[in-house]
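Colleague: Structure incoming, see below.
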Amino acid sequence: MPVSVVRPGPFGLRAGERAELFRRLREAVARARRRGEEALAALTVDLDAAIDPSAVAFASRRPGEPCFCLEQPERESAARAALGCVRAIDTAGAARFERTAVAWRALASGAVCEPADGLAAVGGFAFAPSGGAAPPWAPFPPASLHVPEVALVRRGDSVRLTLAALATPDDTPDGLLARLEQRLRELRSAPLPLVDPAPTRRVPVVSSMPPEHYEAAVARGVEHIRAGELEKIVLAREVQVHAAAPHDPAAVFGVLREAFPACFVFCVCRGDAAFVAASPELLVRREGLRAGTLALAGSTRRSADPAVDDHLGERLLRSTKDREEHAIVARRIERQLRRHSVWVTAAPEPVLVRVMNIQHLATPIRAQLAAPVSAVELAGTLHPTPAVGGEPLDVAAPLIPALEGLDRGWYAGPVGWTDTTEDGEFCVALRCALLAGAVARCYAGVGVVRESDPATELAETEIKLEALLPVLAA
């Protein structure tokens, strides 16, 4: 076998790949000098299919470095992991989706790479236009996409690695290549760590606000609805877990992806903080002129007894209150997609989506776009759906923080990725926790409609919190 086709180690570049990377870096530097501005260069190579992208990212992360992992194991073993940040796109305000899309489009259009390469930006958006102002959310701007230095993507039996560099007029191709090769030498793979329980100490779990506060907020929401001001409002609460030792994001992520293979399991590390989740809800997926989403609203608990579990699901399907809540969400999503589409189609009846501890009413919705609209802009069009906001939104938006009394940060916001063709995928950050040292802030909310009962809605938040509390309070 010729030496040129032998990969030196699991992550090293073959001779031909190294030469192609150097050529692209040289072209990027030339563009930067010619135009007096930054230029991206990227190269994607195939790796051994046995490599675990998220395990590599967690094992190879430098202290405090941005790290992003997103998996949906049941969907072709889909996984995306990223390390480092060669360029950050951070914005805020009501137009943050549009500004982010414009900035990424300008950066991607001038990148020295092939369309088939895996160059992408990863990150997320806060629930509110200026969300994340509270100190715990400081590392997570209202809108923040990062172009990673290293990305690994798995789909089915394929694992690919993408290297990216941002060339400035002062850079040299040799210097950029040396930096990337050093990064490759640092990559390693190790099994994700296990959650280390603390059996000798009871882990305190406390509500940021008393449960009575939440019940009162739900009651006030019902009053606004019965007064005819709105149809629905989603209200959330925060619960804090104070552990004996700092929470390990890699270990938490590992437990979640094993327990919730049908969900979007993600971890976004920024500095010393990490945002983790096992979300059942797709906000939008764009592939060319095709877009897909999922209306998800109305839920009940699971049971270990199959007969009881089926009974609970059937009761949910027949629940007038839950069907009303679900219909509000589906109608809004369809209405928003029609603005950009030739056609929009939805299942005639909701189906049950079951995850480990909860089951939901769900309606898959598909659309054929009339013209290219980026994944980021589609996310901005749909966010926030009534599944996490309210209807009508302009009435619900100011009421939500007033009644909740908390800064949602990235909770209930879109988290995902977009590539150079502006395809991409964003899920809704649900069943999530913000980890910082030994403190984990967990979030859960419910949709409040005319027939909502405060005590019942409080109990539903407890069911939703069960996704993370057993892991964090171990």
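The values are calculated or read from the model by the stated rules, or taken from the named source; none is laboratory data. Computed from a prediction, not measured in an experiment: that's the story for all the values here. Don't worry about glycine lacking a Cβ; one is built from the backbone with ideal geometry, like all the others, and counts go over all protein chains shown. Ligands, DNA and RNA are excluded from the accessible area calculation, which covers all protein heavy atoms including side chains. Shrake-Rupley method; radii C 1.70, N 1.55, O 1.52, S 1.80 Å.
Colleague: Report the Cα centroid-to-centroid distance between the stretch 191-254 and the stretch 103-157 in angstrom, as an integer.
Modeller: Cα centroid of the stretch 191-254 versus Cα centroid of the stretch 103-157: 27 Å apart.
Colleague: May I pose another question? Ordering Cys67, Cys113 by how much accessible area each has at a 1.4 Å probe, largest first, what is the list?
Modeller: Working: Cys67 5, Cys113 35 Å².
Heavy-atom accessible area, descending, gives Cys113, Cys67.
Colleague: Tell me, what % of the accessible area of the chain is carbon and sulfur with a 1.4 angstrom probe?
Modeller: 54 percent
Colleague: Oh, and also: I'd like the GluC sites (Glu not before Pro) in the stretch 141-218 restricted to DSSP loop residues with at most 15 other Cβ atoms within 10 Å, sorted by number.
Modeller: Sparse-neighbourhood loop GluC sites (Glu not before Pro): none present.
Colleague: With Cβ to Cβ distances under 13 Å as the rule, what net charge do the other residues near Arg99 carry (K, R +1; D, E -1)?
Modeller: Charge balance near Arg99 sits at -1.
Colleague: For helix 454-465, report the angle its Cα long axis makes with the longest principal axis of the Cα atoms of the chain; keep it between 0 and 90° and round to the nearest 10°.
Modeller: Between helix and principal axis, roughly 30 degrees.
Colleague: So how strong a dipole does the chain carry about its Cα centre when Lys and Arg Cβ are +1 and Asp and Glu Cβ are -1, to the nearest 20 debye? All intermediate terms of the calculation are to be shown ahead of the outcome.
Modeller: Values: 54 positive and 59 negative charges, 187 e Å.
Charge dipole, the chain, about its Cα centre: 900 debye, nearest 20.
Colleague: Taking the Kirkwood radius as the inverse of the mean 1/r across Cα pairs, report the Rg/Rh of the chain. If you can, show how the numbers build up before the last one.
Modeller: On the way: Rg = 22.7 Å, Rh = 23.1 Å.
Looking at the chain, the ratio lands at 0.98.
Colleague: Hey, rough spin-label estimate for Ala227 and His311, points 7 angstrom out along Cα→Cβ, what's it come to in nanometres?
Modeller: Label at Ala227, label at His311, 4.1 nm between them.
Colleague: Shape verdict for the stretch 1-139, please, from the Cα gyration tensor: rounded (a/c under 1.5), prolate (a/b greater than b/c) or oblate.
Modeller: Because a/c hits 1.5 or more and a/b fails to exceed b/c, the stretch 1-139 counts as oblate.
Colleague: Using the crude model of +1 on Lys and Arg Cβ and -1 on Asp and Glu Cβ, and no other charge, please compute the dipole size for the stretch 21-174 relative to its Cα centre, in debye to 20.
Modeller: 420 debye
Colleague: Gain in length, Arg33 to Val439, computed as 0.36 nm per residue apart minus the alpha-carbon separation, to one decimal in nm?
Modeller: Length gained, Arg33 through Val439: 141.5 nm.
Colleague: If you count only protein heavy atoms and use a 1.4 Å probe, how large is the accessible surface of Leu194, to the nearest 10 Å²?
Modeller: Here the residue's solvent-accessible area equals roughly 150 Å².
Colleague: Would you compute the Debye intensity of the stretch 217-276 from its alpha-carbon atoms alone, equal scatterers and no solvent, and pass along log10 I(q)/I(0) at q = 0.22 Å⁻¹ to two decimals?
Modeller: Debye intensities relative to I(0), on a log10 scale: -0.90.
Colleague: If each residue of separation counts as 0.36 nm, what is the full-extension length gain between Glu349 and Lys321 once their alpha-carbon separation is subtracted?
Modeller: 8.5 nm
Colleague: Just name one of Gly16, Cys67, Leu465: the one whose Cα is farthest towards the positive end of the charge dipole of the chain (beta-carbon charges, Lys/Arg +1, Asp/Glu -1).
Modeller: Toward the positive end, the furthest listed residue is Gly16.
Colleague: What whole-number value in Å² describes the accessible area per residue of the stretch 129-213 for a 1.4 Å probe?
Modeller: 51 Å²
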